[in-house]
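Notes for the one structure printed next.
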Amino acid sequence: MLGRTASSLFWMSRYQERALNVTRLLEVGYRGAIMSHMGQEHGTHWTFALTCAGCESGFQAKYDELALRNVTNYLIFSKDNPASVRNSLEHARNNARAVRTSITAELWEAINTTWIEFAEVNPQSITQEKLPDFMAWVIHREHLCRGAFLNTVLRDDGYCFSQMGNFVERADNTARILNTQYWVLLPDNDIIEDGSTDRFQWSAILRALSGRRSYRFAYSNGHLKAFNITEFLVLRKEMPRSLAHCYDWISDTAEDLEQFYGSSEPSLQLATDIAKELRQKQMREIYQEGLHEFLTDFIGKNNQFAQQLSEDYNFA
């Protein structure tokens, strides 16, 4: 496969995943904004969404007020924000168009239609009352695109590169959300009063990663605890957005790619090493080493893997 084709498939999936992740963060911020949380400062929910999306400094450079309209415009519609949903959907569509003959008609139609319908939306028409339905539409369309990919694409090398793009982006999103909120996930915070700010932030983290309900299934009593939440999102492979789950998939996909080409590249070995480390880690060990340090190191390794993959397969 040509390097530019592999690159387009990789980034097509990364941008699709990014659009979904940013929309979920805005959804969590909106949910927090319309609910009363004792002891919270004004704008805490919007700061959570912007910080976790890596957009706080860019937002502050453009806007003076931390308000719903401004946050929505920046995270969803802004052409100036590289991580906005608009830019992600457009880049995903452009990458899909570049490899139009390498993907199925169903997948192309899902991605192309999503972009066309999104581009027709007037940002000024998305009022506070309409925002929940609009975010639900974006999330629904992204799930539709992902479903079209998983249910129609041939399991060849193109599928492998697309999968790696999806899970690299997902792992990065999970790690960054945890890292920006790591201080509320330290075990000492398990001894807190109900209704505290920490408890809201725990719930927000789980909701941002689509894990609120599945957490209750995974932990029988369903009580929110910092230790359990962190373990759930870092080491529990059955959680689809955990770091362990992402690299379990990436490692398996690396094996498939190795068999497909008959050679093992440095990036594939790196993926195997990261997955092995996560399998062998215990949560108490991570806390002893330092949660912030662990997450920062993971983000670096995840970026290193993506960079090495692009070098090994001549991404454009």
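The values are calculated or read from the model by the stated rules, or taken from the named source; none is laboratory data. These numbers were taken from a predicted model, which means no experiment stands behind them. Reconstructed Cβ throughout: ideal geometry from the backbone, glycine too, with neighbour counts over all protein chains shown. Side chains included, ligands, DNA and RNA excluded: accessible areas come from the protein's heavy atoms. Shrake-Rupley method; radii C 1.70, N 1.55, O 1.52, S 1.80 Å.
Could you list, in sequence order, all residues of the range 190-201 that are in a helix (DSSP H, G or I) and either surrounded by fewer than 18 Cβ atoms within 10 Å (Cβ to Cβ) or at pLDDT 75 or above (or both)?
Pass one, the range 190-201, residues in a helix (DSSP H, G or I): 190, 197-201.
The answer is D190, T197, R199, F200, Q201.
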Checking Q304 against (1) open to solvent by 70 Å² or more (accessible area, probe 1.4 Å); (2) on the phi > 0 side of the Ramachandran plot: exactly one of these is not met. Which one? (2)
Residues satisfying the stated conditions in the range 48-68, i.e. under 22 Å from the mean Cα position of the chain (by Cα), hydroxyl-bearing (S, T, Y) and surrounded by 14 or more Cβ atoms within 10 Å (Cβ to Cβ): T51
Regarding L206, is this residue in the same structural domain as I299 (by TED's automatic domain parsing), open to solvent by less than 40 Å² (accessible area, probe 1.4 Å) and under 25 Å from G29 (Cβ atoms)? yes
Taking the range 146-181 on its own, how many of its residues are within 14 Å of L20 (Cα to Cα) and of a type in the set (D, E)? 2
So, of the residues in the range 157-177 that are under 22 Å from L2 (Cα atoms) and hydroxyl-bearing (S, T, Y), which turns out to be most open to solvent (accessible area, probe 1.4 Å)? Y159
Cβ-Cβ distance below 6 Å, separation of 6 or more or different chains: which pairs start in the range 89-100 with a residue that is closer than 13 Å to S7 by Cα and end on one that is of a type in the set (G, A, S)? N95/S8; A98/S8; V99/S8
So L185 ticks every box in (1) crowded, with 22+ Cβ neighbours inside 10 Å; (2) modelled with pLDDT of 95 or more but one. Which box is left unticked? (2)
Which of the following residues is open to solvent by 10 Å² or more (accessible area, probe 1.4 Å), under 30 Å from E255 (Cα atoms) and not assigned by TED's automatic domain parsing to the domain that holds D297: A105, A96, A92, A136? A105
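Evaluate the following for Y74: is it buried (at least 17 other Cβ atoms within 10 Å of the Cβ) and of a type in the set (F, W, Y)? Break it down stepwise before answering.
Numbers: buried (at least 17 other Cβ atoms within 10 Å of the Cβ): yes; of a type in the set (F, W, Y): yes.
Considered against the rule, which asks whether it is buried (at least 17 other Cβ atoms within 10 Å of the Cβ) and of a type in the set (F, W, Y), Y74 comes out as yes.
Answer yes if at least one residue in the range 155-168 is over 28 Å from Y261 (Cβ atoms), within 13 Å of the chain's Cα centre (by Cα) and in contact (Cβ under 8 Å) with a residue 24 or more places away in the chain, and no otherwise. Talk me through it step by step, then tell me what you get.
Our first condition is that a residue be over 28 Å from Y261 (Cβ atoms); within the range 155-168, this holds for none.
Taking every residue of the range 155-168 in turn, none turns out to be over 28 Å from Y261 (Cβ atoms), within 13 Å of the chain's Cα centre (by Cα) and in contact (Cβ under 8 Å) with a residue 24 or more places away in the chain.
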